[in-house]
Amino acid sequence: MTDMSVKIAGVEFKNPVIAASGTFAFGEEYRLYMDLSRLGGIALKALTREKRLGNPPVRIAETASGILNSVGLQNPGVDGFIRDYWSRISKTDTVKIANIAGSTVDEYIYVTQRLNEIGLDMYEVNVSCPNVKEGGVNFGTDAKLLGDVVAQVKKAANKPIIVKLTPNVTRIADMARAAEDAGADALSLINTITGMAVNARTRKPVLANVTGGLSGPAVKPVALRMVWEAYKAVKIPVIGMGGIMTGLDAAEFMIAGASAVMAGTATISSPDALVRIIEELEQYCGEQNMGKVSELTGTLITSSPECR
Amino acid sequence: MLKKHSTAMVIENTPMAKNIYRMTLGVEPNTLEYYRPGQFAHFKIPGSGEHLLRRPISINDYDMEKNRIQIAYLLMGEGTKRLAAAREGDALDILFPLGNGFKLAPEQKNVLLIGGGIGIAPLLTVMRYYPDREYRALLGYRSKDYIYQVEEFQKTAKVSVTTDDGSFEKKGYATDLLEAEFEKNCPDVMLACGPTCFFGTLKSIMQKYCVPTFVSLEQHMGCGTGGCSVCVCKIAGENKRVCVEGPVFELAEVEI
């Protein structure tokens, strides 16, 4: 039996598979489909200072092996979350990660301070939402702005912080280093890649927001490359995501440098996918005779012996 | 706990009108116990992994004893084309039953059903589920070639049919018949499922005659389980998820 637990920034996860933010609401909906305590962790839906209605529909489009979405951070606001949702998930035995978003640094700080009052395990700082006009991805594409917001949230937070990076940058390593230098305890990547879908018959964009974020197997090669680059650039742990649908996909991300993984599109496709991914990863580890799943991290073999 | 994620076996899959298919499926025992009319199943597209999104399709009929459901679906694109290729004995991955469904209060005896196009399909289950009511059904089809299940409705309801082009029965939309129908005999409740062009007339009739009206809404959907928040509609100032808080909403609260 492989020890499936991993430790990230001092937080113990029973396994390295975490529900990705924005695809799992605040967890409760999925009790119908699984025992939530099977999960390594849950990254809850992004929270902002005020309640947000998000973007108008259509908010989703199917593309080849991918999904485009433009939800636009719809959420009840941090106070609404604490009042109406937190108690429904607070006692579930899994790592609970809040995802913090905002249009200004002050908003990030406010949300962080409010969350400090309840018993979350970690915070994920969302500097990478491609679907809002202000804030979001703007913080994640400028190393200086990124460093500033991360430093401020780190100062305000009483829990370890994960910085969720956007792939919509020229050099992911620069962003990874900027987050690390500003005090990030871990990184998570990739958020979605900005894309769009067009209906040739109507000549209209499929999404009301015109552009959206692409996820799913279509982005996996890009995600793997970026996880690997980020892993090489920093010393803090990296949480990998982008098109993970199977246990083998999860293993690939860990080999490329991830200490844990997140999956989201898999859940949208099938609500109980995370449990299957955990089982498949465990089976893979057994086949590989691994004592600990954490031994997988960063084991990519890049120099092959000469052929004779 | 109800097992909502299950396997359904294809019993029959056949065209019944232009671009419209009917599929009968055997579902796992007890899944129908929790079913309400107006609920839907979320179908994984069989075949390659290219299609990540499920397709939400309303239930068109069911058989409690045989553990069977029937769906009617419109061929729209690659996904529904693949569904149409499913053969008897194929196993399909479904989430079922999803959504809230139509609910009739005991005193709502006189029921008016109004449907357009593929939106006619879920209304049949209301009559199956609540057999002890009086029904009238106004069914609007695009043209003669698209007509399906009029006889099924006639078994229980007094049916009026329209076609957009007048190729069968009265020309126009089903909503064109509403005013006269309400003048004749005002129903206790109106249940609707159809294109958005219905909504204006539905709303004005609802207001004029003060009749509670419920509509089944459609929206591009993701997970079907409330997790991703993509399939929203504006309901009384809030973005409500069609998959869990709908698909049936009180028309008075729907912002069009």
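What to note about this one:
- Any chance B:K171 is surrounded by fewer than 18 Cβ atoms within 10 Å (Cβ to Cβ), more than 23 Å from B:T225 (Cα to Cα) and more than 19 Å from the chain's Cα centre (by Cα): yes
- Residues in the range A:253-276 that are touching a residue at least 60 places away in the same chain (Cβ under 8 Å), within 14 Å of chain B (Cβ to nearest Cβ), part of a helix (DSSP H, G or I) and under 20 Å from A:K164 (Cβ atoms): A:T265, A:T267, A:I268, A:L274.
- Scanning the range A:180-201 for residues that are closer than 19 Å to A:L145 by Cα and in contact (Cβ under 8 Å) with a residue 40 or more places away in the chain returns A:E180, A:A184, A:D185, A:A186, A:L187, A:S188, A:L189, A:I190, A:N191.
- Among the residues of the range A:226-252, those that are of a type in the set (A, V, I, L, M, F, W, C), assigned to a helix (DSSP H, G or I) and closer than 17 Å to A:R171 by Cβ comprise A:M226, A:V227, A:W228, A:A230, A:A233.
- Residues (closer than 27 Å to A:G243 by Cα and either within 8 Å of chain B (Cβ to nearest Cβ) or surrounded by fewer than 23 Cβ atoms within 10 Å (Cβ to Cβ) (or both)) located in the range A:73-90: A:Q74, A:I89
- Residue match in the range B:33-45 (condition: part of a loop (DSSP other than H, G, I, E, B), at negative phi and surrounded by fewer than 18 Cβ atoms within 10 Å (Cβ to Cβ)): yes
- Any hit, the range A:190-210, residues being among the hydrophobic types (A, V, I, L, M, F, W, C), buried (at least 23 other Cβ atoms within 10 Å of the Cβ) and closer than 24 Å to A:E12 by Cβ: no
- Among (1) of a type in the set (S, T, Y); (2) closer than 18 Å to B:E218 by Cβ; (3) in contact with a Phe, Trp or Tyr (Cβ under 6 Å, 6 or more places away or on another chain) - the single one B:Y173 does not satisfy: (3)
- Of the candidates A:V275, A:V234, the single residue that is closer than 22 Å to A:L44 by Cα and touching a Lys or Arg at 6+ places or on another chain (Cβ under 8 Å) is A:V275.
- Residue count for the range B:60-98, restricted to those that are touching a helix residue (DSSP H, G or I) at 6+ places or on another chain (Cβ under 8 Å), within 24 Å of B:Y129 (Cα to Cα) and of a type in the set (A, V, I, L, M, F, W, C): 5.
- Whichever residue in the range B:198-244 is of a type in the set (A, V, I, L, M) and in a helix (DSSP H, G or I) and, among such residues, is farthest from the other protein chains (Cβ to nearest Cβ): B:I205
- All positions within the range A:32-54 that are more than 23 Å from A:N15 (Cα to Cα) and either surrounded by 23 or more Cβ atoms within 10 Å (Cβ to Cβ) or away from chain B (no Cβ under 11 Å) (or both): A:L47, A:T48, A:R49, A:E50
- Pick from the range B:65-78, criterion under 19 Å from the mean Cα position of the chain (by Cα), at pLDDT 95 or above and not hydroxyl-bearing (S, T, Y), ranking: surrounded by the fewest Cβ atoms within 10 Å (Cβ to Cβ): B:L75
- Restricting attention to the range B:71-130 and to residues that are of a type in the set (A, V, I, L, M) and in a loop (DSSP other than H, G, I, E, B), the residue that is nearest to the other protein chains (Cβ to nearest Cβ) turns out to be B:M76.
- Within the range B:1-32, the set of residues being within 19 Å of B:T225 (Cβ to Cβ) and part of a strand (DSSP E or B) comprises B:H5, B:S6, B:T7, B:A8.
The values are calculated or read from the model by the stated rules, or taken from the named source; none is laboratory data. Predicted model only: the values in this text are computed from it and were never measured. Because the Cβ atoms are built from the backbone with ideal geometry, glycine has one as well, and the counts that use them run over all protein chains shown.
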